[in-house]
Every structure is written in structure tokens, then in C-alpha cells.
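Reviewing the structure listed below.
The values are calculated or read from the model by the stated rules, or taken from the named source; none is laboratory data. The model shown is predicted, which means the values in this text are computed figures rather than measured ones. We place every Cβ from the backbone using ideal geometry, glycine too, and count neighbours over all the protein chains shown.
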Amino acid sequence: MGETGESIQTRAPVREHEIRLADRSAAARRLARREVWIANARLAFFVATGILAWLAFVNRTLTPLAPVATLAAFCVLVVVHDRTVRRRRTLERAVDFHEAALARRSDAWIGRGVSGERFLDRNHPYAVDLDLFGAGSLFERLCVARTRIGERILADWLRAPAPAETIRSRQPAVEELASALDLREALAVQGAEGRGRLDPEPLLDWARGRSAPPPAALLWAGRILAVAAVGAAVGYLAGAGGRPLAAILIAQGLLAAVGMRRVGRILRSTERPDRELGMLSRILGQIEDARFRATHLRRMQESLRTEGLPPSARIARLARLMEAQEWSRNLFFAPIAILLNWNVEIACGIEAWRKRHGAAVPVWIEAAGEIEALASLAAMTFEEEEATFPEVVEPGPCIEGERLGHPLIRNDRCVRNDVRLGDPVRLLVVSGSNMSGKSTLLRAIGVNAVLALAGGPVRARRLRISPLQVGASIRTNDSLHDGRSRFYAEILRLRQLVDLASGPESLLFLIDEVLHGTNSHDRRIGAAAVVRGFVERGGIGLVTTHDLALSRIVEELHPRARNVHFEDRIEGEEILFDYRLLPGVVERSNALALMRSIGLEI
């Protein structure tokens, strides 16, 4: 991996994506035109086959080879057309992949991706406050996964900080994938249209189920009858009579009735997993074929290795069995399926596969999801101009950032600040007027900490961080449904943060307008006690306030606390902000000026 703290952007991502977008778009248009031509040719050969068949078999003016030849050509065109359609759709998904990357660069990504709303727990200690999930969230900015398992793993990484060793292991993997744009594109174009196609639960439930194949006697009796049925059918066509064939078909019907319940249960149990197998096989195939340098990625490959065929080929075999099951529902193939005792053969093959490989399916699914989660962090690594990997230090607590900015704010509008918390300074009390940037600073620190502790890149020139538990009280609101006031909601969150501060990892606490919902006297006493408790439990963090009296907390906690502030200036009737963090306490408020600026008479 590159040296910690240095920029990991090695080439212009916009140009790279633009070139590939133009190439994939042009190829997709060419295939669309070819697809129309093949469809027309296929229709022409189908019509020609009908005409030639009439001339050959009804009018008897042509040799039967003529319609056979046009029918063969029609079948070839059907196969070619299907491959052309699939290739065009793959290219269109590649177009979507590069368009989404360019949208993230141009700040046009909100509403284009997966919001991750289903992962949002409103009682989580920082998910709501740091905009982890929902429209315009960190998850939507990051996620390039096409499977539900990839989305879930990425969400888990954002919701729970990883141990230091895991972070250090993921970083080189993310960096390697950042430069592996071909592989990330290949992962993104897998599967059918639509995101989240691979839902692991049906497949996992099926794989973990107890294998119960049909009795061997039923299988072998069916095979013997199938051979006999084929022979009897050939004899019937040769003019030997239909009684032997009818007798065998009756025997097959009786045999099917005996095994109907078990065979039907086996085939029904595969209906939902069947939809997921092809996509899982292709994703695993990409992992198996890649040549990785990072230890984390090589371990992932190693976990997939088994004796004989790789997992992708094994899953592809199961997918073919399930596809073959569908053939028996085809009107043209159904008579042949009956003759060959098809469903029993397929059911036995499926159950034999589950008995042999079912226990490995969870490992395969987890690998597919993890590579997508790593690819999501890698996309941000490649696309960010000043993305860096943080240095993970022990012991802590510590978070030191140079030119640290909010990853969800467009680069040309993002104001960077330096932040240093550790020894001796454990607390920053941030004062400032309305709209000056206090809440944004808290979120910038929190979101970068979440990314760092997930093993991903951060928006900073340099960041040092120790393993931390993150807790925030930025967006606590009242609840009419639960009968809670804003103040009560806030103290419940503070109680949650106190519990986190007592845990094994130090707490990074981010509290906006601490105890805003009560009177000044109680706020000063309560805030001082709460913040002192966090610091004494080994935590580090920031507290913002409008109440300048709260800046006196610093005097009580000196030298472990410092005052910092944001300023604004008024030019004519306009209030201007520079969002630069400065030492000391803010000296004035802009509340009255803001009220006048919107026309209130003050």
C-alpha cells in the first residue's frame, strides 16, 4: 500500500470514466442496430421455413432439406440474437456504472443510488446524526453493490467500527481495488437489471436445509423405465405398435405418483434460490480469476478454494440443473420429460449438490458481498481528489486531521479545517453564530471517523485515528408518537453515549447545542457534568453551543479542553461566512441580523 497520509489518487478519474463511457455507449448502440438486423433476419427465416415446409410436405415441389436448412438458420439466429441482447444489456449496465461515477464527481448523485433506508435504526448512536442512510446519505454516495448481501456488509461496516487489525487489513485491499477499474466494472455489470438482485436469505435457507433425496430405488426404476420408453417410442415410430409404449407410460405414471410428494417438495424449494445463482456464480468467477496482491483479498480467494471445480463452476452446475427443471414446463419438451423421468433425475441431482456443497454456500455468499463492499470504498478512493487512508494508531484515544472536510460536500465548496484531539486536549468547545458551520464540523469529523474505522479513505490531507466508538447527539428531535420532548430525547441519547463511554473502546462524542432544550442555569450545570464524565471516562470529542457561558467548561477541565469558534462578518445587509475554525470564544452573535435579513421587524 502507498505511504499513509499521501494522496492515493494516481490518475484523473473523470477522464478515465469519460473515455470508458464513450466506448461502452458506442458499442451498445452498435449492438442495438445489429440486434434489430438479426431480429428481422430471424423473422424472415421463420416465415421462409413455413413457406418451404408447405412446399416440401404439402405441395411436394421441394426437397424436405430446404425447410430443414432454413429452420437450422433460424435456430442459429435465435442463439446469436440472445447473445447480442445479453451483451448489449451488459454494456448498458457498464454505461450506468460510469455515468454514476461521473455523477458522484459532479455532485449529481443524490437520488441515483441505493439510499440504504432499510438499514436505518433511529436508536443507533450516530446513524441518523451523521446521515449514514437515506436520500443524499453517505451510504448512497458509497454503495456500488448490485447484491443485497454487498449492501448489508457495507452498512454493517459503517454502523460498527472495526478493530485496528481489520482496518489495516482492509486498507490495502481497498487501495488495490481502487486502481482495478476493470474488475470493479466487471462486478458492477453482473446480473439482471435492477440493483439488489441477489437476496441471500432464500439461498441460505435452502443451502442449510436438510438434504432428503428421493429413494435410490425410485431413481433406478425411473432410469430403467426411461430407457425402455425410448426403445418403445422408437419401435412405435418404426411400426411395431403402441402397446409396449403405453404400458411403459402407465408404469412411469404410477412411479411418478409414488415419488410425487418428495420430488415436488424438492423442486418447489429451489424456486426462489434459482433466481440468485447465476449472479452469484459470475461474481465469484470474477474473484477467482483476479490476481490480487493485498493479503486480505488473497485470503478471500483462499476461502473459496476447494478440491476440484471452483465455487463459480459448482454454482453454475446447480444453476444448469435448476434451468433444466424449467424445461419440463415447456409444451414441446414436456412429452420428452415424461419419457425420461426428467423431474426425478433433476431432483436427485439438486439434492446431491446440496448435500455436498450446501455448507459452503454461506462462505461463498459472504465473499461475494465483501468484495462488493470493498469495491464501494474503492470507488470513493479512486474518485476523490484528496482521498487518503488514515494512520491507525494505538493506544488512543486520538483523532488528528489536517485539511479535513465533509465527504458529502462538493469538492469546490468544501471548506477544510484542522482538528486535533488526544493528549492533552480531549475536548473542543465550539462556539459560533447561527449557520457558521458548527454542526457541519461535527458531521465532517464523524463521517470521516466512520469511514476510517470501516477501513476506507477519508477526505483529508492527513488523518491519525485510534480505534474509537462513535456517538453523536446532533439531530435529536421530539416525538409526538412516543410522547417525548426534544430535551427528553436528548438526555436519552446522552445516557446512551455514557454507556458507550464505559465500553472497551474510547468514545468520540459529537454533541451539537448540548442540552439546548432546557434553561440556561440547568444547562450550564448539566452540560458541565456530562462533558466532564465523558472526558474522565477516556473519551474525546466536541461540543457546540450558542450559550457563551458554557465556554467556562474549559476553565474547569484545563488543560484537557480548549475553546474554538467560527466567525462571520456583515457587509451591508449580507452575512458572510468563511467556515474557518479559529481559537478562542466567539465574541458576537448574528441572530438579530439573520432575523432582519428575512424581513422580521426587530
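Can you list the helices (runs of 4 or more DSSP H) lying wholly within region 293-369 that have 1 or more residues being at pLDDT below 75 and of a type outside the set (Phe, Trp, Tyr)?
Details: elements: 295-304, 311-327, 334-339, 342-357.
Per the criteria, 311-327, 334-339, 342-357.
Kindly indicate which of Val498, Val450, Val425 is assigned by TED's automatic domain parsing to the domain that holds Glu567, out of contact with any His (no Cβ under 9 Å at 6 or more places or on another chain), β-branched (Val, Ile, Thr) and under 24 Å from Met380 (Cβ atoms).
Just one listed residue meets the conditions, Val450.
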- Item | In region 168-191, residue nearest to Arg464 (Cα to Cα) [restricted to those that are surrounded by 19 or more Cβ atoms within 10 Å (Cβ to Cβ) and among the basic types (Lys, Arg)] | Arg170
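List the helices (runs of 4 or more DSSP H) that sit entirely inside region 73-184 and contain at least 1 residues that are outside the structural domain of Asp512 (by TED's automatic domain parsing) and over 17 Å from the mean Cα position of the chain (by Cα). Let's see the steps before the verdict.
Numbers: elements: 138-142, 148-159, 164-179.
Helices (runs of 4 or more DSSP H) meeting the threshold: 164-179.
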- Any idea which of (1) hydrophobic (A, V, I, L, M, F, W, C); (2) surrounded by 14 or more Cβ atoms within 10 Å (Cβ to Cβ); (3) modelled with pLDDT under 95 is the one Ala27 doesn't satisfy? (3)
- Item | Residue selected from region 509-561 under the condition without any contact (Cβ under 8 Å) to a residue 40 or more places away in the chain and among the basic types (Lys, Arg), by the criterion surrounded by the most Cβ atoms within 10 Å (Cβ to Cβ) | Arg523
